[in-house]
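Encoded as structure tokens, the structure appears first; notes follow it.
The values are calculated or read from the model by the stated rules, or taken from the named source; none is laboratory data. Nothing here was measured: the structure is a model prediction, and the numbers come from that model. Neighbour counts run over all protein chains shown; Cβ positions are idealised from the backbone, glycine included.
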């Protein structure tokens, strides 16, 4: 133990021996026209990975700077990015003249960045992942800044990373959930004014609030004193998932007694969104209070917010259906009931969050930030369920023309689809009620059809404490500790019995194979043959209890030409399943507390920067470490058993990048190359196996992937009116080995282990070639912009089941038909390349008394292209005799869509 402590001190505190004096810079940022302070501007010291944010009065301080010339970059959603050269005096305080910036009208609505239609995500779909890289705060990196907004409709994800590889903090407290590893963007929906300010760390670079993560980190600053005093009212119209949005925010600023208060209310609404059968109801509230004392040495903030929502979801479908209906946004989830549209898949979410954070400025060079956060999420997603009855989904493959061999039947079903009759092309709710009524008349009150609600509730508490210490102008330290507890509750309830009396709590898939074994049919042996009524829990019910703790530190060294940093993070994780039902297929491993899984992981990282001068530099970053598997992917069939793979272990990740960064008065940007190697990862795919007639969980382990590519981001400012942006990547993300897989059925019939041939298969669901070129014009606070966006090499997400050698044991290599069927089932589909055009226009009108009116209009996909495929997945089922029968399911980009925003500041 003493040796470990000695190593830690030796590794992280060599800087104690180098303390000496350094220079300090004080500055402020104001609007060029309004001459009012601009808060929330990220001030970055180029090449040194140091950032500060302007306060509510637009002021900032940079301490411990080396004497000489430096370049600072100013960036915020509220301003045009600006680069400024400053001169630092030795041993003194440099007072800068106010830096004037061009205030923007927020043409890019940050609420839309990277966020796909969550209604397309279903916990039972057959794809591997629907997590999309997202952001709340714009990065100061040109590539990330432009790509995040312009390419998000194409489901672009920088470097192919998912949401679990990006960290999101609020007031210094981490808020990625521990079960799935992602941040819940819905929790801050319609609270845009409260989430615009904060700090951003790009990829693995060092940060002032976290050790960091592979895909970077954001710290949303919701402290009351960080908002400009005054109010803002906003009204928006769009033709997306919702069509109306309203927000009102008011902040008092910091008063003489050291108090500041900020409150915000917002909402989004649509009776029916742009997609048939969808709707959106959302009301959001937020309140933040802060108290400062001892001249700002101490600050205690309390923030609470909630954004409940209910929305009808969009579903994916087959390409055949889209073409037959001539509607690439066809939605199979709805149908008419009593003359009104009813959606079978409705999400209801309620997720209150509270954060208490304390900042202690111990001295001019030392700050300790400590916070506690609590988050509760009630998330429910409804879906149809049926028992011994025809599949009620309108686009079930047996209802498609391609299912039939007889040409007359094909023509008949083709005509039915093209007729547009909603009783055929959509869910026929009347028939579902009729089937239940007939069952009642036959003396059986059990539901034939019903609507269930799949619940995924979460209770989470987090603690973080971070120390920032600048020892001198050369050396600085950031260190922190964190601890978290999460309880994830997974169960389903009876939402609507559709006129029947109850549902019998047995497994419909098990009944087909174990009809002679009554116990195996039971979902809960503790309450066999149970009749479940409205709002009752049935099917499955379990908790996942997750604990973690971490400690980390990063040292930074800065000199005239060389900078470097290095750091390490130690993480402890443990989780266990706690079953609330004794499942009949797994009576010994489904009920009660399961095996505790424990992991200890370490990550190390470092970086080096060589500065040719203040405007040209080379940077290199490298990281390597292990991460515990996410509980959401660790269990083979968590609904019914505690079983995991044998000898489950942490995955490993190696990442490196090399960048040339330039920041000249007219031209700024970055050119970089990167490679990330993932080792020993786990993936779980779920699908229905039509041949076996059961629901399958397929867990892959020992998965290796490689993500590598070239990135370019640049902005050129021709003069005070014209500027040009370019951002793009040429990359490839693919599987680099053939992992093992465990195929497991929820009816208890199948437990197979077999190698999955995934080597050289591309990671699906995101373009691997993507870019955007933009032109912007500014005059008299009129903003005009246009972008051309292109994307290519986007692949379908593959089904591991189609890459098992056992499925093709009967294939004769000398039989052309069989070989063609084999190639059809195993060849990964690549979607066609595509491009879109976007335009935007906006204006700020300044009024007396610090008032202003801001309007902006953005139109995406101006050419109204409706056939751009942005993602999809192969079905798990397959048939060698009919290789095209089980086609993929796809997502398509919306055609022309607009966003009109008008706001009033006072």
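Taking into account only those residues within the range 744-757 that are in a loop (DSSP other than H, G, I, E, B) and buried (at least 22 other Cβ atoms within 10 Å of the Cβ), which is modelled with the highest pLDDT? Out of the qualifying residues, it is 756.
Conditions tested, residue by residue: (1) free of Cβ contacts under 8 Å to residues at least 40 places away in the same chain; (2) in a loop (DSSP other than H, G, I, E, B); (3) buried (at least 23 other Cβ atoms within 10 Å of the Cβ).
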site: 207; (1), (2), (3): no, yes, yes
site: 218; (1), (2), (3): no, no, yes
site: 233; (1), (2), (3): no, no, no
site: 248; (1), (2), (3): yes, no, no
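One residue alone among 498, 458, 440 is touching a residue at least 40 places away in the same chain (Cβ under 8 Å), touching a helix residue (DSSP H, G or I) at 6+ places or on another chain (Cβ under 6 Å) and within 30 Å of residue 524 (Cα to Cα), and that residue is 498. Looking for something surrounded by fewer than 16 Cβ atoms within 10 Å (Cβ to Cβ) and in a loop (DSSP other than H, G, I, E, B) - is there at least one such residue anywhere in the range 839-847? Looking for residues that are surrounded by fewer than 16 Cβ atoms within 10 Å (Cβ to Cβ) and in a loop (DSSP other than H, G, I, E, B), one finds none in the range 839-847, hence no.
Kindly check whether there is at least one residue in the range 334-345 that is touching a strand residue (DSSP E or B) at 6+ places or on another chain (Cβ under 7 Å), touching a residue at least 40 places away in the same chain (Cβ under 8 Å), surrounded by fewer than 20 Cβ atoms within 10 Å (Cβ to Cβ) and outside any strand (DSSP E or B). Scanning the range 334-345 turns up no residue that is touching a strand residue (DSSP E or B) at 6+ places or on another chain (Cβ under 7 Å), touching a residue at least 40 places away in the same chain (Cβ under 8 Å), surrounded by fewer than 20 Cβ atoms within 10 Å (Cβ to Cβ) and outside any strand (DSSP E or B). Summed over the range 544-559, residues that are crowded, with 22+ Cβ neighbours inside 10 Å and either farther than 20 Å from residue 607 by Cβ or out of contact with any strand residue (DSSP E or B) (no Cβ under 7 Å at 6 or more places or on another chain) (or both) total 3. Within the range 761-786, the set of residues being over 21 Å from residue 831 (Cβ atoms) and either touching a strand residue (DSSP E or B) at 6+ places or on another chain (Cβ under 7 Å) or surrounded by 21 or more Cβ atoms within 10 Å (Cβ to Cβ) (or both) comprises 773, 774, 775, 776, 777, 781, 782, 783, 784, 785, 786.
Reported count of residues in the range 390-403, each being surrounded by fewer than 16 Cβ atoms within 10 Å (Cβ to Cβ) and part of a loop (DSSP other than H, G, I, E, B), is 3. Taking the range 178-197 as the range and being surrounded by fewer than 24 Cβ atoms within 10 Å (Cβ to Cβ), touching a residue at least 60 places away in the same chain (Cβ under 8 Å) and more than 16 Å from residue 267 (Cβ to Cβ) as the test, the residues that pass are 179, 180, 181, 184, 185, 196.
Does residue 467 satisfy the condition of being closer than 23 Å to residue 172 by Cβ, within 23 Å of the chain's Cα centre (by Cα), surrounded by 17 or more Cβ atoms within 10 Å (Cβ to Cβ) and touching a residue at least 24 places away in the same chain (Cβ under 8 Å)? When the stated conditions are applied, residue 467 does not pass them.
Just a yes or no: is a residue in the range 185-208 under 12 Å from the mean Cα position of the chain (by Cα), at pLDDT below 95 and within 30 Å of residue 835 (Cα to Cα)? There is at least one residue in the range 185-208 that is under 12 Å from the mean Cα position of the chain (by Cα), at pLDDT below 95 and within 30 Å of residue 835 (Cα to Cα).
Rundown of residues vs (1) under 26 Å from residue 846 (Cα atoms); (2) within 37 Å of the chain's Cα centre (by Cα); (3) surrounded by fewer than 20 Cβ atoms within 10 Å (Cβ to Cβ); (4) modelled with pLDDT of 75 or more, yes/no style:
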site: 8; (1), (2), (3), (4): no, yes, yes, no
site: 16; (1), (2), (3), (4): no, no, yes, no
site: 21; (1), (2), (3), (4): no, no, yes, no
site: 37; (1), (2), (3), (4): yes, yes, yes, yes
site: 69; (1), (2), (3), (4): no, no, yes, yes
site: 72; (1), (2), (3), (4): no, yes, no, yes
site: 75; (1), (2), (3), (4): yes, yes, no, yes
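Checked against (1) crowded, with 21+ Cβ neighbours inside 10 Å; (2) out of contact with any helix residue (DSSP H, G or I) (no Cβ under 7 Å at 6 or more places or on another chain); (3) at pLDDT 95 or above; (4) not in a loop (DSSP other than H, G, I, E, B), residue 617 meets all criteria but (3).
Residue-by-condition table, conditions (1) surrounded by fewer than 22 Cβ atoms within 10 Å (Cβ to Cβ); (2) over 30 Å from residue 394 (Cβ atoms); (3) within 22 Å of the chain's Cα centre (by Cα); (4) without any contact (Cβ under 8 Å) to a residue 40 or more places away in the chain:
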position	(1), (2), (3), (4)
240	yes, no, yes, no
244	yes, no, no, yes
252	yes, yes, no, yes
274	yes, no, no, no
282	yes, no, yes, no
291	yes, yes, no, yes
298	yes, yes, no, no
304	yes, yes, yes, no
322	yes, no, no, no
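Can residue 674 be described as surrounded by fewer than 16 Cβ atoms within 10 Å (Cβ to Cβ), touching a strand residue (DSSP E or B) at 6+ places or on another chain (Cβ under 9 Å) and touching a residue at least 40 places away in the same chain (Cβ under 8 Å)? No, not satisfied. Please verify whether residue 669 is in a strand (DSSP E or B), farther than 30 Å from residue 539 by Cβ, at pLDDT 95 or above and in contact with a strand residue (DSSP E or B) (Cβ under 8 Å, 6 or more places away or on another chain), treating the condition exactly as stated. Criteria not met by residue 669.
Looking across the range 808-826 at every residue that is part of a loop (DSSP other than H, G, I, E, B) and surrounded by 11 or more Cβ atoms within 10 Å (Cβ to Cβ), the one that is farthest from the chain's Cα centre (by Cα) is identified as 815.
Any residue in the range 402-415 that is at positive phi and touching a residue at least 12 places away in the same chain (Cβ under 8 Å)? No, there is no match, as no residue in the range 402-415 is at positive phi and touching a residue at least 12 places away in the same chain (Cβ under 8 Å).
Restricting the range 575-585 to residues that are modelled with pLDDT of 95 or more and out of contact with any strand residue (DSSP E or B) (no Cβ under 7 Å at 6 or more places or on another chain) leaves a set whose member that is surrounded by the most Cβ atoms within 10 Å (Cβ to Cβ) is 583.
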